[in-house]
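Below: one structure, written as structure tokens.
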Amino acid sequence: MKKRTLLQGAWLVAAGLMVRVPVAEAAAPRSDAAVGVIKAFFAAYSRRDVEGCMACFDSGSDVFAYGSGPGEKRSGREAIRQQLLADWAQTKAARLADTWHDVQRDAAISWIASDVAVHVVGADGAQDLEARATFVLRQRAGGWRIVQMHFSLPV
């Protein structure tokens, strides 16, 4: 269970060597716009850029994130910000790659299911893991933003 121990208490969401991608505009095709937001979040997470991560979330107070650790239920922007900082304090580096995703949309709501390859470096060394993530995004005048996310490690 060494793999599980390293990630306990952290909902790792990161990406490879991507440059900062602006949050996709509403006029873009649905898959590009929705996936663009997620990729921007992954890139910001891998840089440990809390402001870049938070720019991908909706500005309202009704945002929520589930993590992989017990009790990791974060409601509101500040709680999510604090979880990001806690994640980074537990690892030396983390990178995440979307290996498959499915995007669905109904009017101003999109949802994405994603298989994720995770590379994490912690006190016990480097590990490669498979994870799953889901996102719900809402479209507003400023484009698509995350309102809910869930990151988990399959058992």
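Descriptive notes on the structure:
- Put in order of Cβ neighbour count within 10 Å, fewest first, the listed residues Trp144, Trp88, Trp100 become Trp100, Trp88, Trp144.
- Unit Cα scatterers, Debye sum, region 80-155: log10 I(q)/I(0) for q = 0.20 Å⁻¹: -0.97
Here, each number is a calculation from the coordinates, and none is a lab measurement. Values in this document were obtained by computation on a predicted structure and should not be read as measured data. Quick reminder, even Gly has a Cβ in these numbers, built from the backbone with ideal geometry, and neighbours come from all protein chains shown.
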